[in-house]
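For reference, the structure discussed in these notes is given below.
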Amino acid sequence: MVKSTVRFPEEVLGIVQQHIDDGAFANKSEFQRFAVEYLLTELEDDYEPHLEEFDEIRREALDATATEAAEYIADADSSEFLRTAGRVRQAAVRGDLETARELIDTRYPPSSPNAMLLDLIVEGATPHRPETRDPSSR
């Protein structure tokens, strides 16, 4: 193995130490090796982790702390989902709600958690017009 020195803010290492103390990782080196390998598996389609305990650590560390929404996104093809989410948001921000909703409807069934999440993106990205009051209601 090649030695690499990495500097982190103290707060970050404090959080890492909590995970070590909880037994999720043996030490800081294992945490850092896992973090790098995990990111590479997400970025590279054909990357095979070198860390022997990778699958076990991934199962124990990530499944224990994953939220329901994160699990849904992880189940989807994340790169496709993220591309779709970007296009949906872009259309919604530009006021093209029809295109935003069409993108969602053509890629996911209405009951899909991904569709529900994208619907929330549309709602949050939609430009809101200021409320107009009827002058006679004053």
Tally the residues that are modelled with pLDDT of 85 or more, within 27 Å of Leu43 (Cβ to Cβ) and not in a helix (DSSP H, G or I), restricting the search to region 76-115. 1
The one condition in (1) at pLDDT below 80; (2) in contact with a helix residue (DSSP H, G or I) (Cβ under 8 Å, 6 or more places away or on another chain) that Ala70 fails to fulfil: (2)
Would you be able to tell me the number of residues in region 104-128 that are in contact with a Ser or Thr (Cβ under 9 Å, 6 or more places away or on another chain) and open to solvent by 20 Å² or more (accessible area, probe 1.4 Å)? 2
Between a residue in region 114-135 that is within 18 Å of Glu80 (Cβ to Cβ) and any residue that is loosely packed, with under 14 Cβ neighbours inside 10 Å and modelled with pLDDT under 60, which pairs come within a Cβ distance under 7 Å, given they are 6 or more apart or on different chains? Leu117/Ala69
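The values are calculated or read from the model by the stated rules, or taken from the named source; none is laboratory data. Keep in mind that this is a model prediction, so the values were computed, not measured. Reconstructed Cβ throughout: ideal geometry from the backbone, glycine too, with neighbour counts over all protein chains shown. Heads up: the accessible areas ignore ligands, DNA and RNA and are worked out on the full protein's heavy atoms, side chains in. Shrake-Rupley method; radii C 1.70, N 1.55, O 1.52, S 1.80 Å.
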